[in-house]
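None of the figures in this text is laboratory data; all of them are computed from the coordinates on show. Keep in mind it's a predicted model, so treat the numbers as computed, not measured. In this analysis, Cβ positions are derived from the backbone assuming ideal geometry, glycine residues included, and neighbour counts consider all displayed protein chains.
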Amino acid sequence: MPFSFFNTLGRTVQAFEPLQAGKVGFYGCGPTVYNYAHIGNLRAYVLHDILVRSLRRSGYEVHHVMNITDVGHLSDDSDDGDDKMVKSAAERGKSVLEIAEMYTQAFFNDTDRMCITRPTVVCKATDHIADMIALIQRIEANGYTYSAGGNLYFDIAKMPSYGELALLRLDELKAGARIAVDVHKRNPQDFVLWFTKSKFENQALVWDSPWGRGYPGWHIECSAMSMRYLGAQFDMHAGGIDHIPIHHTNEIAQSEAATGIKPWVRYWLHNEFLVLDKGKMSKSAGGFLTLQKLIDEGYDPLDYRYFLLSGHYRSQLQFSWDSLTGAKNARKSLLNTIREVSRKAPPSSSFPSSFASSVPSRSLREEWGEKAAKYGEAFNKAIEDDLNTPRALAELWGLLKDSTIEPQAALAIAFDMDRVLGLGLSVETAEAPHDESLRQEIEALIAERAAAKKAKDFAAADKIRQSLTERGITLEDGPGGTTWRVM
């Protein structure tokens with residue numbers, strides 16, 4: 001059974017067919033690093049992680065690109081309000097780049113603690129200004145821009161298909177538009193490609209460009225960087241549902257205006273909000289919850305990951321301390337159950353092999369028995385059906401609770417399921433005496449990574465680190481060497 005995903009572009013569940021057999025180009029919108037990520041933000045990155053883990057487990061080579069927005073993101077997606085980076089820097093008495101570096105490190109600290117696999121490429125906006133200028137020049141050369149008041153705008157009237165992703169109609173946008181805050185716009189939905197001194201005269205970060213000294217609009221960075229690393233057309237793009245009406249809509253417009261290729265991206269995945277009693281969580285509302293706050297209250301980062309997996313990514317998820325406690329208790333019970341199964345199983349010598357959908361069902365039945373294989377197959381169907389993690393968790397529980405299945409088979413299939421779920425189950429069994437070989441394998445991989453770093457083969461070192469992260473193992477480099485721990 002092939003993967004199928006709910007494609008926001010068309011609002012239908014569609015069978016997944018990559019542009020190139022066996023390979024997937026995927027771009028996930030990254031953080032604007034002006035503050036700590038809140039737990040609602042982290043829901044998007046768990047979705048990205050589940051997607052990448054699932055595809056890789058099934059044999060796809062996934063090239064995952066994520067941006068770091070460290071310039072030009074205004075507090076309103078439609079070009080209004082303050083620059084988030086500049087405002088944060090002023091409030092904290094630091095430079096914009098100092099703020100960006102501090103919160104970038106904090107972001108990856110959070111994602112590491114949640115066993116979220118790092119992207120293949122992490123690209124900062126400030127490192128790709130030349131790419132953005134070059135892309136804007138292509139858009140301008142194709143006749144989709146106009147200059148007014150010192151800024152360069154994208155003219156949505158030149159693109160009849162504008163708004164397809166958000167199911168917007170261009171004629172309705174013109175007729176029913178609110179009065180534009182920016183008087184230079186011909187249409188309120190037009191957006192800035194390049195700002196000059198007409199906006200924020202004392203902007204901290206500015207660059208020379210054909211349109212004057214200034215800085216790029218927020219939307220252009222994702223188009224420029226995704227095409228830099230994935231090509232003019234690629235397979236998948238993901239982000240929160242709040243990106244649909246403006247940011248992702250504008251990305252599509254400017255990208256297709258530059259290349260003439262349609263569709264620019266073939267599959268769009270969007271996660272719903274994490275909601276509190278008072279509505280969706282946002283930084284602008286103040287009092288938002290961070291992962292560290294959950295830890296300070298006695299929760300493990302993987303308790304929160306389990307909580308997120310218990311809801312489908314396209315459904316709003318209601319957060320409360322009681323619901324998080326429920327997830328904590330469920331994860332604790334899961335770990336106790338898998339330890340109990342592990343004690344009954346014969347010694348194992350290595351990490352389990354894959355039982356993903358690419359493995360023939362017949363071989364699963366031959367090796368582990370028909371009943372055990374059915375749990376693995378049902379898990380695969382759940383994940384392949386638009387990443388249905390609640391159903392996948394139910395199959396994991398069913399497998400471990402079924403006393404008629406041999407413990408060794410239950411463990412092997414459970415560990416393979418966890419290559420997608422990312423709950424660190426295989427390492428939890430390392431406490432058992434017969435799993436000393438598991439510890440030895442981890443230490444051997446750490447030694448191999450250290451040798452790769454010494455040889456300046458950082459790609460190999462990162463690959464080892466990523467493989468351990470996927471198994472729920474976090475590496476910590478320090479003066480005394482590298483240590484590891486289970487998340």
Amide proton proximity set for K124, modelled H, under 5 Å, gap of 5+: I68
Spherically averaged projected area of the stretch 204-328 from its Cα convex hull (nm²): 10.7
Segment K262-Q466, length gained on full extension (0.36 nm per residue, minus Cα span): 70.1 nm
Cross-link table K344/K381; K94/K453; K371/K401, entries beyond 21 Å C-alpha to C-alpha: K344/K381; K94/K453
At R0 = 45 Å, FRET efficiency that the Cβ-Cβ distance of D171 and W484 yields, to 0.05: 0.15
Sites I295 and K23 - FRET efficiency at Förster radius 30 Å, r taken between beta-carbons, to 0.05: 0.20
Nearest-0.05 FRET efficiency for F458 and R343, computed from C-beta distance (R0 35 Å): 0.30
Two-site label geometry, E101 and S147: point separation in nm, points 7 Å out along Cα→Cβ: 3.6
